[in-house]
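Quick note: the coordinates plus some simple rules give every number you see, no bench work behind them. Since this is a predicted model, take the numbers as computed values, not measurements. Cβ coordinates were reconstructed from backbone atoms using ideal geometry, including for glycine residues, and neighbour counts include every protein chain displayed.
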Amino acid sequence: MRSTRINTTNWKAGMRRGLLHAFVGMTSAAAMTAALAATPAASVGSAASAATTPIPLALDVSGKIHNTTDSAHTVYHFDQTKLLDLPVHAISTSTTWTPKSTFQGPSLADILKTVGAWGSQVEVHTFDDYSYTLPVSDAGRYGVVLAYSMNGKRLTISDFGPLFLIYPRDQYPTELSGSEADSKFVWQIKALVIR
């Protein structure tokens with residue numbers, strides 16, 4: 001039986017992550033409807049207002065880094081100009097939430113090189129307070145991209161943006177499929193912490 005794809009336009013802010021992980025493996029639209037009905041109305045209202053607030057294209061990187069941009073020498077802040085000045089890389093792949101699409105943005109390797117990262121792990125932090133830790137080695141092994149566009153359209157907060165961590169899932173179907181691998185595809189990214 002074919003699984004039901006979640007319409008991410010309806011998944012905003014904090015409720016998105018919890019419900020997403022509850023839906024992994026669900027095939028019944030009725031089951032998803034029941035779970036949504038149990039979601040507090042306050043979560044839905046605050047999520048809707050968060051979706052209308054424009055979020056700038058930016059990224060803060062801290063932790064084990066040599067290069068910083070702040071006076072305290074703790075953070076490298078990429079504003080939109082700095083992110084767009086990095087080489088653009090593309091990955092054409094499908095995800096659990098999207099059909100095959102072309103995602104574009106700087107590579108994670110270029111971000112790490114720019115900040116002079118020297119750690120072994122990257123903690124990814126999002127606007128909805130989700131975090132995921134991945135090995136730095138994924139940057140080189142998979143050519144991971146921090147996408148700011150999908151099929152030539154800039155990503156917004158309601159469509160995985162402003163930054164969406166993309167792996168070439170279609171090129172590595174055995175390694176990058178399933179719920180564990182889905183956790184690597186982090187969206188609404190605001191910061192990285194190098195550990």
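Scanning region 119-134 for residues that are within 15 Å of the chain's Cα centre (by Cα) and touching a residue at least 12 places away in the same chain (Cβ under 8 Å) returns VAL122, GLU123, VAL124, HIS125, THR126, PHE127, ASP128, ASP129, TYR130, TYR132, THR133, LEU134. The set of residues from region 149-177 being surrounded by 13 or more Cβ atoms within 10 Å (Cβ to Cβ), among the small types (Gly, Ala, Ser) and assigned to a loop (DSSP other than H, G, I, E, B) comprises GLY161, SER177.
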